[in-house]
Amino acid sequence: MTITLTQVKTFIKHYQWTVVFFIAAIGLGLWVIGCESTTTNPFNPIEKVTRVELNTEVDHYLAKVDLAYEDLNKQDLIKQKISEIALNFMQGGAIDPVGTGIMMLGLLGVGATIDNRRKDTVIKTLKNNVVNSKEVENG
């Protein structure tokens, strides 16, 4: 049994709206399945990003914010220790060289710990960016 062009035209003419909605439904389905959702990057409004890329950007930004807070805490700790030494000296006390030396070494230790954490965070963020970019390419 062969279908002629006249029969197809007659079928389409008879079921015109059904055919139109069927084609629209197929097109919408292909669009929903085939296209990944994107949005404007809040850190760079010129480019569009997917959900995975946006999560990576936000994680990277939050890591930078954490590092900034750690740096501020380190500076406040140093100021507090220096103020305590100055206050003790102004109240007639002598500067204890051993205590001051221990405090300075402690501050250096805190600084080294914070720097190591900062480096670990940066390395971890960079590794996550590489892994996520590979997942996006393979996904």
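Worth a mention:
- Extension reserve of the ILE102-VAL8 stretch, reckoned as 0.36 nm per residue once the Cα distance is removed: 24.5 nm
- With the simple spin-label model, which puts each label point 7 Å out from Cα in the Cβ direction, the LYS64 to THR113 separation comes to 2.7 nm.
- Take the Cβ atoms of ILE78 and VAL52, set R0 to 41 Å, and the FRET efficiency comes out at 0.55.
- Gained length - THR121 relative to MET90, 0.36 nm times residue gap less alpha-carbon distance: 7.1 nm
Readers should treat all values here as calculations from the given coordinates under stated rules, not as data from a laboratory. Model, not experiment: these values are computed from the prediction. Cβ atoms come from the backbone with ideal geometry, glycine included; neighbour counts cover every protein chain shown.
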